[in-house]
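Heads up: the structure comes next, in structure tokens.
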Amino acid sequence: METKDKNNVFIHRDPSDGLSDYIECFLEHKNNTPLNESFTIFPDSFFKIVFEWHAGKLKAYYLTGIWTKEVNISIPPYTSVIVIKFKLLAPEYVFKREVASIIDSNLNLNPDFWNMQDFKYTNLPDITARIESIVQNIINGNKAILAKKIQLSQLLYLVEGNISLEEVSNQINWSNRQINRYLNKYLGVSLKTYLNIQKCYAAYIQIREGRFFPDDGYYDQAHFIREVKKHTGKTPRELYKKQNDQFVQLKNIQKK
């Protein structure tokens with residue numbers, strides 16, 4: 001999917017089917033203006049690799065942890081930013097490390113990480129193909145993944161936070177203690193926190209449409225407003241009013 005105006009371009013690409021348990025999507029945001037572009041993004045339950053290209057050259061390259069609160073970002077003039085969103089299996093099976101230690105923060109990557117220093121930026125499809133090839137090669141070298149971990153990941157992304165802790169445990173036959181140990185080790189958050197982030201992120205679609213009473217998953221409107229503000233710093237109405245400038249993330253979220 002591509003959206004654009006005279007100054008900016010936003011492109012969304014889904015991963016290949018074989019990588020959908022590890023990668024959520026690829027995003028590109030182009031700032032085609034001579035000014036810094038500043039806006040606020042919100043927690044979405046994914047950790048990310050972020051590239052910044054200017055004049056075809058890689059200027060910044062970093063890994064982010066899971067975000068639990070809003071963060072202000074700025075894109076320099078005439079810069080293309082590409083983001084790869086990774087799912088909860090990726091720390092262990094793609095990166096071979098945890099991202100819990102960088103929760104709500106970034107880690108600069110060496111230019112030779114995944115040999116990106118020699119890669120010349122052209123377009124998102126080329127970046128997508130290169131990253132997918134790298135990730136696929138890593139996955140091919142893995143031992144078998146514990147079935148419960150795959151089931152956990154697939155279930156959580158399917159229900160988008162609208163499930164109880166007990167039901168998660170029952171559906172995959174894994175205790176909450178085991179699930180919390182796994183999530184805290186690799187992502188730095190508990191199952192409850194993870195579900196709350198997912199549920200809030202799913203609600204952004206109804207907020208951008210001007211619907212401020214929760215569709216599902218919240219006790220009442222007061223609970224909904226309280227949870228949204230906890231993760232974004234704003235009420236649903238405040239998000240709606242500024243979705244075309246400060247909170248552009250809202251209008252670019254994809255419906256499942």
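The values are calculated or read from the model by the stated rules, or taken from the named source; none is laboratory data. Keep in mind it's a predicted model, so treat the numbers as computed, not measured. In this analysis, Cβ positions are derived from the backbone assuming ideal geometry, glycine residues included, and neighbour counts consider all displayed protein chains.
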Seminar exercise, completed: Across segment 158-201, the tally of residues that are free of Cβ contacts under 8 Å to residues at least 60 places away in the same chain and assigned to a helix (DSSP H, G or I) stands at 22
Problem set entry | Pairs with Cβ under 9 Å, 6+ apart, first in segment 202-221 and free of Cβ contacts under 8 Å to residues at least 24 places away in the same chain, second surrounded by 12 or more Cβ atoms within 10 Å (Cβ to Cβ) and part of a loop (DSSP other than H, G, I, E, B) | 206/212; 206/214; 206/215; 220/214; 221/212; 221/214
Problem set entry | Residue that is surrounded by the fewest Cβ atoms within 10 Å (Cβ to Cβ) [pool: residues in segment 46-60 that are of a type in the set (A, V, I, L, M) and within 28 Å of residue 20 (Cα to Cα)] | 60
For this session: Just need a number here: residues in segment 51-87 that are of a type in the set (Phe, Trp, Tyr), in a strand (DSSP E or B) and touching a Pro at 6+ places or on another chain (Cβ under 7 Å).
Result: 1
For this session: Determine the pairs where a residue that is not assigned by TED's automatic domain parsing to the domain that holds residue 192, located within segment 228-243, has a partner that is crowded, with 16+ Cβ neighbours inside 10 Å and assigned to a helix (DSSP H, G or I) with Cβ atoms under 7 Å apart, the partner being 6 or more residues away or on another chain.
Result: none
Problem set entry | Odd one out for residue 69, checked against (1) closer than 17 Å to residue 129 by Cα; (2) surrounded by fewer than 19 Cβ atoms within 10 Å (Cβ to Cβ); (3) charged (D, E, K, R) | (1)
For this session: Can you work out which of the residues in segment 101-116 that are modelled with pLDDT of 95 or more and assigned to a helix (DSSP H, G or I) is nearest to residue 174 (Cα to Cα)?
Result: 101
Exercise. Among the residues of segment 117-132 satisfying the criterion of being surrounded by 11 or more Cβ atoms within 10 Å (Cβ to Cβ) and hydroxyl-bearing (Ser, Thr, Tyr), which is modelled with the lowest pLDDT?
Worked result: 121
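From the list 133, 169, which residue is hydroxyl-bearing (Ser, Thr, Tyr) and more than 18 Å from residue 17 (Cα to Cα)? Walk me through it before giving the result.
Values: 133 fails: more than 18 Å from residue 17 (Cα to Cα).
Only one candidate qualifies: 169.
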Problem set entry | Residue match in segment 98-105 (condition: surrounded by 13 or more Cβ atoms within 10 Å (Cβ to Cβ), of a type outside the set (A, V, I, L, M) and in contact with a Pro (Cβ under 6 Å, 6 or more places away or on another chain)) | yes
Problem set entry | Count of residues meeting criterion [in contact with a helix residue (DSSP H, G or I) (Cβ under 7 Å, 6 or more places away or on another chain), surrounded by 15 or more Cβ atoms within 10 Å (Cβ to Cβ) and at pLDDT below 95] in segment 140-161 | 2
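Can you tell me which of 17, 21, 44, 104 is without any contact (Cβ under 8 Å) to a residue 60 or more places away in the chain, outside the structural domain of residue 239 (by TED's automatic domain parsing) and within 17 Å of the chain's Cα centre (by Cα)? Let's see the steps before the verdict.
Numbers: 17 fails: within 17 Å of the chain's Cα centre (by Cα); 21 fails: without any contact (Cβ under 8 Å) to a residue 60 or more places away in the chain; 44 fails: without any contact (Cβ under 8 Å) to a residue 60 or more places away in the chain.
The conditions single out 104.
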Exercise. With (1) free of Cβ contacts under 8 Å to residues at least 60 places away in the same chain; (2) in a helix (DSSP H, G or I); (3) more than 24 Å from residue 41 (Cα to Cα) as the list, and residue 136 as the residue in question, which single condition is left unmet?
Worked result: (1)
Exercise. What single numbered condition from (1) of a type outside the set (Phe, Trp, Tyr); (2) surrounded by fewer than 20 Cβ atoms within 10 Å (Cβ to Cβ); (3) touching a helix residue (DSSP H, G or I) at 6+ places or on another chain (Cβ under 7 Å); (4) modelled with pLDDT under 90 fails to hold for residue 239?
Worked result: (2)
